[in-house]
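What follows draws every value from the coordinates through simple rules; no lab data is involved. Model, not experiment: these values are computed from the prediction. Note that we place each Cβ from the backbone using ideal geometry, even for glycine, and neighbour counts take in every protein chain shown.
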Amino acid sequence: MRRLNYNDEHWQMVLVKGTECLFNDMRIDKATIPKGKYMYDLADGDSDGIPCRMQPGILVNFFGTIICDKPFVPDEGDTVYLDYEDFGFLE
């Protein structure tokens, strides 16, 4: 699957673990992300429309991509686990 250019996509504001981030429901090419920004892919664990984890790359149950100004501290390996209240749209 072809990844898309960060600069060509429409982004929505979301809140992830208390941090404002940009969200897009497509796979984004990491090479197009501005310097100083951090990119994570989100996974939907139960196909219920609620992301349950984020990593630098997700292959299964891809939900979307977030871009933020600071890195998240992983819970295990390179994975950050999300609870229901850890993700929400701001728009």
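In the elastic network of the chain, a GNM with C-alpha springs shorter than 10 Å, the most mobile of LEU42, LEU59, LEU22 is LEU59. Residue by residue, region 24-30 carries 3J(HN,Hα) couplings of 9, 8, 10, 7, 10, 6, 4 Hz when phi is fed to the Karplus relation 6.51 cos²θ - 1.76 cosθ + 1.60 (θ = phi - 60°); x denotes Gly or Pro. 3J(HN,Hα) couplings calculated from phi for region 65-75 with the Karplus curve 6.51 cos²θ - 1.76 cosθ + 1.60 (θ = phi - 60°) are, in sequence order, 10, 10, 10, 9, 8, 9, x, 8, 7, x, 7 Hz; Gly and Pro show x.
Taking only the alpha-carbon positions of region 4-51 and ignoring solvent, what does the Debye formula give for the base-10 log of I(q)/I(0) at q = 0.22 Å⁻¹? The Cα Debye sum returns log10 ratios of -0.90. Note on SER47 and LYS30: the extension gain reaches 3.6 nm, defined as 0.36 nm multiplied by sequence separation minus the Cα-Cα distance.
By the rule of a C-alpha distance below 19 Å, with chain neighbours fewer than 8 residues away ignored, the aspartates and glutamates paired with LYS37 are ASP8, GLU9, GLU20, ASP25, ASP29, ASP69, ASP78. Isolated cysteines of the chain, defined as having no other cysteine beta carbon under 4.7 Å away, are CYS52. Taking the empirical scaling 2.2 N^0.38 Å for compact globular proteins as reference, region 6-83 has a Cα radius of gyration ratio of 1.01.
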